[in-house]
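The next block holds one structure in the form of structure tokens; read it before the comments.
The values are calculated or read from the model by the stated rules, or taken from the named source; none is laboratory data. This is a predicted model, so every value here is computed, not measured. Glycine gets a Cβ as well: all are built from the backbone with ideal geometry, and neighbour counts include every protein chain shown.
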Amino acid sequence: MVRTEISLFLKNVPGELGRLSALLGGSGVNIDALMIQDASSYVQQLFQARGKSLQRIASASSYSSMQKDSAEFALIRMLTDNTDQAVGLLSENEYLFDLRPVIALRLKNRPGELAAITKKFGEEGINISYVYGSVAGPDAECLFVFCPEDIDLAAKIFK
């Protein structure tokens with residue numbers, strides 16, 4: 001199923017994630033999925049992509065400066081049960097964020113389920129930019145979030 005992922009940067013200091021989750025939870029918005037990564041690794045990926053594409057997005061010195069500054073931030077990716085309300089709250093509270101369509105799938109918690117799903121992506125020639133997921137217990141379903149390069153084709157496969 002296609003869902004809208006919210007990506008934002010938070011300062012990499014104690015309490016920031018707590019403030020964000022309290023803002024959302026206090027307004028009745030549930031976080032369905034969450035991934036946090038050090039923003040400096042995200043900037044490093046941009047730098048490496050620049051080299052592979054042979055297209056200069058920014059100078060090497062700009063990337064070095066960005067990477068140094070980005071160590072102070074964490075990249076948050078999340079799905080909520082009410083994207084419109086979450087976006088409103090983030091806007092009102094001056095968070096900088098971006099929206100992206102992703103594929104969110106509930107999988108049975110058993111060996112080979114993830115392999116079967118990722119094989120479908122591969123058979124259709126769809127590259128997965130990133131994925132995150134988890135499970136609550138041995139009898140619970142897993143929720144996995146995939147960011148495919150071709151969201152339209154992926155949406156047709158996983159209706």
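Kindly provide the set of residues from the range 1-21 that are over 15 Å from the mean Cα position of the chain (by Cα), assigned to a strand (DSSP E or B) and closer than 15 Å to LEU79 by Cα, ordered by number.
Across the range 1-21, there are no qualifying residues.
Scan the range 137-158 for residues that are charged (D, E, K, R) and either in contact (Cβ under 8 Å) with a residue 24 or more places away in the chain or touching a Gly at 6+ places or on another chain (Cβ under 7 Å) (or both) and jot them down. It would help to see each step written out before you state the result.
Taking the range 137-158 first, the residues charged (D, E, K, R) are 139, 141, 149-150, 152, 156.
Answer for the range 137-158, where residues must be charged (D, E, K, R) and either in contact (Cβ under 8 Å) with a residue 24 or more places away in the chain or touching a Gly at 6+ places or on another chain (Cβ under 7 Å) (or both): ASP139, GLU141, ASP150.
Is it the case that ALA116 is over 16 Å from LYS11 (Cα atoms), out of contact with any His (no Cβ under 6 Å at 6 or more places or on another chain) and either modelled with pLDDT under 95 or in a helix (DSSP H, G or I) (or both)?
Yes: the conditions hold for ALA116.
In the list LEU99, LEU24, LEU89, which residue meets the criterion of being touching a helix residue (DSSP H, G or I) at 6+ places or on another chain (Cβ under 8 Å), loosely packed, with under 14 Cβ neighbours inside 10 Å and either at pLDDT 65 or above or not in a loop (DSSP other than H, G, I, E, B) (or both)?
On the way: LEU24 fails: loosely packed, with under 14 Cβ neighbours inside 10 Å; LEU89 fails: loosely packed, with under 14 Cβ neighbours inside 10 Å.
Every option except LEU99 fails the conditions.
May I ask you to list pairs of residues, at least six apart or on different chains, whose Cβ atoms are under 6 Å apart, with the first in the range 100-124 being closer than 30 Å to VAL87 by Cβ and the second being surrounded by 15 or more Cβ atoms within 10 Å (Cβ to Cβ) and charged (D, E, K, R)?
Close Cβ pairs (under 6 Å, with a partner that is surrounded by 15 or more Cβ atoms within 10 Å (Cβ to Cβ) and charged (D, E, K, R)) amount to ARG100/GLU5; VAL102/ARG3; VAL102/GLU5; ALA104/ARG3; LEU107/GLU113.
Can you tell me which residues in the range 131-142 are within 19 Å of MET35 (Cβ to Cβ) and at pLDDT below 95? First the steps, then the outcome.
Restricting attention to the range 131-142, the residues satisfying the condition of being within 19 Å of MET35 (Cβ to Cβ) are 131-136, 140-142.
Hits for the range 131-142 are GLY133, SER134, VAL135, ALA136, ALA140, GLU141, CYS142.
With the condition kept exactly as written, say whether any residue in the range 141-155 is over 19 Å from PRO101 (Cα atoms) and small (Gly, Ala, Ser).
Pass one, the range 141-155, residues over 19 Å from PRO101 (Cα atoms): 141-142.
If we keep only those that are small (Gly, Ala, Ser) as well, we get none.
Among the residues of the range 141-155, not one is over 19 Å from PRO101 (Cα atoms) and small (Gly, Ala, Ser), which makes the answer no.
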